[in-house]
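Asker: Next up is a structure, given as structure tokens.
Read the figures in this text as sums done on the coordinates, not as results from a lab. These figures come from a predicted structure and were not determined experimentally. Glycine gets a Cβ as well: all are built from the backbone with ideal geometry, and neighbour counts include every protein chain shown.
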Amino acid sequence: MAEGTASGKIILFGEHAVVYGRPAVAVPVSNVQAVARLLADAPGRGLTIDAPDLGRTYDLATAPADDPLALIVRSTLEHFSLVDIPDAVLRVSSTIPLGRGLGSGAAISTAIVRAMSRFFHRPLSPEEISRLVYEVEKLHHGTPSGIDNTVIAYDQPVYFIKGKPIQRMGVGRPFTVVIGDTGIVAPTHRVVGDLRRRWQEAPDRYEGYFDEIAAIARQARVVIEQARVGLDMLGRLMNDNQELLETIGVSSPELERLVAAARRAGALGAKLSGAGWGGNMIALSPPEPGAAEAIAQALRQAGAAGVIITTVR
Ligand code: PMV
């Protein structure tokens, strides 16, 4: 048996602008995980994909070309120059909520590639894993920036610019983020496509917003990397980023209700995370004991479908 796991992720700064070449900051969230297990099966059985969370069991041989699990298996086999389909069962499960900006698709693909890498004794670099996963991301997103596959395959905080070599980030002083789920699934490609139409109508205006978001992401990187700069500043940057996300039309009343509740409960800053319209928001907790739990409680009372407290280090 070979096992591969992968963490979820959140985007701290720069979502959407990252699609237009601006920098973004993302970190893994190890509280939620995708797991893939590959078990050898009797000869002649081929490869069975078993995804109990999705209520599906099916054969690789007959899976359609656009099935995301089949696609990552096929492209990994191809990467290993393996022509014959192995006799095995691939069991996939995940605690990462689907379609809420926590990178569930990229994490499931990454877990599968890691399991296959162990099963076939073919070590892969994070760069190779990221590239394989990116191909599947295109299926989900259309024009993905590549930030999800990068942060999840490298499994560490990243400062990401589309098409540029990855810049790993150090975290000067660990900080705690509370993640609140609106419970609303909003397909990333729709939010991205809708924004693209607005950008096409007023490119100068939107390029200006993206530049402002880029300046925030750049400052945030400095604050995160240098322990001597305060968390208050990081919180203010989150609030500024949220304001711009509202301006470009990717926020929603549900997200804003959770953002307001988190701020009232003492969060130093709060914003949506990921594509928006639904999905998750994030709030920066003060370091005092109990502060994160108080924010989590306020989010639940404001109607959050799920809350995760995670420490970025
Ligand atoms: O997958 P999500 O929901 O975290 O959204 C990705 C972030 C976007 O910047 C909106 C899109 C992208 O490809 O970077």
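Asker: Could you please find all residues in segment 78-112 being surrounded by fewer than 20 Cβ atoms within 10 Å (Cβ to Cβ) and of a type in the set (D, E, K, R)?
Answerer: Within segment 78-112, Glu78, Asp84, Asp87, Arg91 meet the criteria.
Asker: For segment 118-164, enumerate the residues that are more than 16 Å from the ligand (Cβ to nearest atom), part of a helix (DSSP H, G or I) and either in contact with a Gly (Cβ under 6 Å, 6 or more places away or on another chain) or not charged (D, E, K, R) (or both).
Answerer: Phe119, Pro126, Ile129, Leu132
Asker: Looking only at segment 118-131, count every residue that is of a type in the set (A, V, I, L, M) and surrounded by fewer than 24 Cβ atoms within 10 Å (Cβ to Cβ) and tell me the total.
Answerer: Of the residues in that region, 1 qualify.
Asker: Oh, and also: Given the criteria closer than 17 Å to Gly21 by Cβ and within 19 Å of the chain's Cα centre (by Cα), does Arg221 qualify?
Answerer: yes
Asker: Name, by its number, the condition in (1) assigned to a helix (DSSP H, G or I); (2) touching a helix residue (DSSP H, G or I) at 6+ places or on another chain (Cβ under 6 Å); (3) over 13 Å from Ile179 (Cα atoms); (4) without any contact (Cβ under 8 Å) to a residue 40 or more places away in the chain that does not hold for Ser251.
Answerer: Among (1) assigned to a helix (DSSP H, G or I); (2) touching a helix residue (DSSP H, G or I) at 6+ places or on another chain (Cβ under 6 Å); (3) over 13 Å from Ile179 (Cα atoms); (4) without any contact (Cβ under 8 Å) to a residue 40 or more places away in the chain, Ser251 violates only (1).
Asker: Within segment 212-230, how many residues turn out to be in a helix (DSSP H, G or I) and out of contact with any helix residue (DSSP H, G or I) (no Cβ under 8 Å at 6 or more places or on another chain)?
Answerer: Total meeting the criteria: 5.
Asker: Here's another thing I want to ask about it. Would you please name the residue that is surrounded by the most Cβ atoms within 10 Å (Cβ to Cβ), looking only at residues in segment 169-210 that are in a strand (DSSP E or B) and either within 16 Å of the ligand (Cβ to nearest atom) or among the aliphatic types (A, V, I, L, M) (or both)?
Answerer: Looking at the filtered set, the residue picked out is Gly180.
Asker: Condition check: β-branched (Val, Ile, Thr) and surrounded by fewer than 16 Cβ atoms within 10 Å (Cβ to Cβ). Does Thr62 satisfy that?
Answerer: yes
Asker: Quick check: is even one residue across segment 264-278 assigned to a helix (DSSP H, G or I), free of Cβ contacts under 8 Å to residues at least 60 places away in the same chain and at negative phi?
Answerer: yes
Asker: With the requirement that a residue be without any contact (Cβ under 8 Å) to a residue 60 or more places away in the chain and either buried (at least 24 other Cβ atoms within 10 Å of the Cβ) or not in a strand (DSSP E or B) (or both), what does segment 1-56 give you?
Answerer: Selection gives Met1, Asp41, Ala42, Pro43, Gly44, Arg45, Gly46, Pro52, Asp53, Leu54, Gly55.
Asker: Out of all the residues in segment 279-313, which are crowded, with 22+ Cβ neighbours inside 10 Å and small (Gly, Ala, Ser)?
Answerer: If the condition is that a residue be crowded, with 22+ Cβ neighbours inside 10 Å and small (Gly, Ala, Ser), then Gly279, Ala283, Ser285, Ala292, Ala298, Ala304 are the ones that fit.
Asker: Further, regarding this structure: Let me spell it out: the conditions are (1) surrounded by fewer than 21 Cβ atoms within 10 Å (Cβ to Cβ); (2) assigned to a helix (DSSP H, G or I); (3) hydrophobic (A, V, I, L, M, F, W, C), and Ala115 meets all of them except one. Which number is the exception?
Answerer: Result: Ala115 fails condition (1) only.
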